[in-house]
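I have placed the structure first, in the form of structure tokens, so that the comments after it can refer back to it.
The values are calculated or read from the model by the stated rules, or taken from the named source; none is laboratory data. What you see is a predicted model; the values in this text were computed from it and never measured. Methodologically, a virtual Cβ is constructed for each residue, glycine included, from the backbone with ideal geometry; neighbour enumeration extends over all protein chains shown. Each accessible area value is taken on the protein alone, full model and side chains, heavy atoms only, with ligands, DNA and RNA left out. Shrake-Rupley method; radii C 1.70, N 1.55, O 1.52, S 1.80 Å.
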Amino acid sequence: MRLKRKDLLGIEDLTKDELEILISTAASFREVSEREIKKVPTLRGKTIINLFYEPSTRTRTSFEIAAKRMSADAVNISTSSSSVVKGETLKDTAKNLEAMRPDCIVIRHSSAGAPLMLSRYVGCSVVNAGDGSHEHPSQALLDILTVKDKKGGVEGLNVAIVGDIAHSRVARSNIYGFTKLGAHVTVVAPPTMMPKDIESLGCAATYDMPAALKDADIIMMLRLQLERQKESFFPSVREYSRLYGLDAAKLKRAKKDVVIMHPGPINRGVEISSEVADGPFSLILDQVTNGVAVRMAIFYLLLGAAKEEAA
Amino acid sequence: MSDKAGYAMKNRLVMDAVAIDRALARVAHEIIERNKGVEDIVILGIPTRGYHLALRLQAAIEAIEKMKPPVGAVDATLYRDDLTIKKDQPPLKKMDIPISIDGRTVIMVDDVLFTGRTVRAALNALMDFGRPHSIQLATLVDRGHRELPVKADYVGKNIPTGLKEAVLVHLAEIDGVSEVIVEAAP
């Protein structure tokens, strides 16, 4: 069993088998976090650098905890306190970090493709922790694991992803992941936030939220990036919330066994009401718990075995 | 049976279902005798087949003592010493410690004792779960060729083998048939 790749840059280029290896390995790793001594020696002596060019609490902490529970040494770099503010390019930063011989760099960047570029400059593994509006693979993996736990499988399920699809890397990674595993994904957004040709990724698209909710087994709400209002993607937060926010009234139309997910951080009362976010259908905190296990699995599968000799 | 004789033959059947049952029944008696009962005992098998042997030992002990020691699984994968040497990451197996091992006697069960490296890894894994009073090792087959100072407390059968031979333990629960086969070197 092996993920025969150096990097994890996105879900798009993973095979179904690779997805399943990642998910089942992550499920096994959950047990480690349940122990009194939450640490295994598996990645002793490995160095993992978290290079975050965008603010993040959940994802960065989750990667850091995952590394530490595997006994790897984790180093965090956030751009506000690094040479980036002095104008260093990504390439130079990469080359300098590589000179310190890390085994893996986890990168979050506001530009799509930054992890791919980084992976070409460095010999160590690169993990994409979110790049622009492109992909957020570890988020999709933890979402799939959460759904698998709750529903027993993914195949045949109806997944509704609601929100700013155009700017969402979470949506894109989840569309790739869930469709590869045989789920039916419908994306729901106001016209200004619906990318053209999104159906080419293998999902359905609609502007009609109530209709999409009716058949959904999974409702995945996306965070409304409030700063987008300045860019005129929606007239007012209130209007967006009324049409595309999930509250108890809209939820009444959904299936009885529907589950609600959100990648966080949530804007309470905007895309999701507190009643729903904290309610019995919500899996939001399960997602966070699974996030650590998924990232442990990523590290194990990328760093756990001997380096393949260059062919 | 010498290495030479084994080498000359192809695959040889060294234990059948009855022989396995008898060996486990004897080991169950030995565990009870040595520990003067089974009050503070927990049996932990190393997956996959060690776990099923642990369940069999539990049943054998219950038949004698009318008491059922708890059974669990201890997966040594994350503690192996060859993870950065092997080309493939071994899949994780079941880790299930049913009760606190603090102060208890742990009977660790594996199907084949060979280099001793798996046992070393499993010992380290166990230590992360507490401080047992003692750990004893039971194995269905001891095939020799130890690379670490590890010794079994209970052995179903000592089977001398060539280093390149493989010892295959099949159990009805997983494989449909219970037997131990020594496979000749390729």
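Is there any pair linking a residue in region B:124-135 that is within 11 Å of chain A (Cβ to nearest Cβ) to one that is part of a loop (DSSP other than H, G, I, E, B) and open to solvent by 50 Å² or more (accessible area, probe 1.4 Å), with Cβ under 6 Å and at least six apart or on different chains, and which? Correct list of pairs: B:128/A:37; B:130/B:100; B:130/B:102.
With respect to (1) without any contact (Cβ under 8 Å) to a residue 40 or more places away in the chain; (2) over 17 Å from residue A:143 (Cβ atoms), the lone exception for residue A:202 is condition (2). Out of A:243, A:285, one residue alone is aliphatic (A, V, I, L, M), out of contact with any strand residue (DSSP E or B) (no Cβ under 9 Å at 6 or more places or on another chain) and without any contact (Cβ under 8 Å) to a residue 24 or more places away in the chain. It is A:285. A single member of A:68, A:16 is under 21 Å from residue B:128 (Cα atoms), at pLDDT 95 or above and away from chain B (no Cβ under 12 Å), and it is A:68. Just a yes or no: is a residue in region B:135-144 among the aliphatic types (A, V, I, L, M), part of a strand (DSSP E or B), open to solvent by 20 Å² or more (accessible area, probe 1.4 Å) and at pLDDT 95 or above? Yes, that holds for at least one residue.
So in region A:155-202, with the set limited to residues that are of a type in the set (D, E, K, R) and over 18 Å from residue A:225 (Cβ atoms), which one is least open to solvent (accessible area, probe 1.4 Å)? Explain how you work it out, then say what you get.
Just the residues of region A:155-202 that are of a type in the set (D, E, K, R), to begin with: A:155, A:164, A:169, A:172, A:180, A:196-197, A:199.
Applying the additional criterion that residues be over 18 Å from residue A:225 (Cβ atoms) yields A:155, A:180, A:196-197, A:199.
Numbers: A:155: 143, A:180: 63, A:196: 177, A:197: 103, A:199: 99 Å².
So the residue we want is A:180.
Looking only at region A:19-48, filter to residues that are in a loop (DSSP other than H, G, I, E, B) and more than 8 Å from chain B (Cβ to nearest Cβ); which one of those is surrounded by the most Cβ atoms within 10 Å (Cβ to Cβ)? The residue in question is A:43.
Look through A:232, A:173, A:168, A:200 and report the one residue that is touching a Leu at 6+ places or on another chain (Cβ under 8 Å), over 19 Å from residue A:269 (Cβ atoms) and hydroxyl-bearing (Ser, Thr, Tyr). After applying the criteria, what remains is A:168. Among the residues of region A:249-280, write down those that are farther than 22 Å from residue A:157 by Cβ and assigned to a strand (DSSP E or B). Correct list: A:268 only. Going through (1) closer than 24 Å to residue A:143 by Cα; (2) within 14 Å of chain B (Cβ to nearest Cβ) one by one, residue A:53 falls short only on (2).
Take residues that are in contact (Cβ under 8 Å) with a residue 60 or more places away in the chain and in contact with a strand residue (DSSP E or B) (Cβ under 8 Å, 6 or more places away or on another chain) and tell me which of the strands (runs of 3 or more DSSP E) falling wholly in region A:88-182 contain 3 or more.
Details: elements: A:104-109, A:125-131, A:158-162.
Because the criterion is at least 3 residues that are in contact (Cβ under 8 Å) with a residue 60 or more places away in the chain and in contact with a strand residue (DSSP E or B) (Cβ under 8 Å, 6 or more places away or on another chain), the strands (runs of 3 or more DSSP E) in region A:88-182 that meet it are A:125-131, A:158-162.
Restricting attention to region B:166-186 and to residues that are at pLDDT 95 or above and part of a loop (DSSP other than H, G, I, E, B), the residue that is surrounded by the fewest Cβ atoms within 10 Å (Cβ to Cβ) turns out to be B:176.
Scanning region A:212-232 for residues that are on the phi < 0 side of the Ramachandran plot and open to solvent by 50 Å² or more (accessible area, probe 1.4 Å) yields A:214, A:215, A:223, A:226, A:227, A:229, A:230, A:231. Cβ separations smaller than 6 Å between residues 6+ apart or across chains give no pair from region B:82-105 residues that are within 9 Å of chain A (Cβ to nearest Cβ) to residues that are open to solvent by 40 Å² or more (accessible area, probe 1.4 Å) and of a type in the set (Ser, Thr, Tyr).
Cβ-Cβ distances below 6 Å connect the following pairs, each with a first residue in region B:163-186 that is closer than 15 Å to residue B:16 by Cα and free of Cβ contacts under 8 Å to residues at least 40 places away in the same chain, a second residue that is open to solvent by 60 Å² or more (accessible area, probe 1.4 Å) and aliphatic (A, V, I, L, M), and a separation of six or more residues or different chains: B:170/B:177.
Residue A:265 satisfies every condition listed in (1) farther than 23 Å from residue A:142 by Cβ; (2) modelled with pLDDT under 95 except (1).
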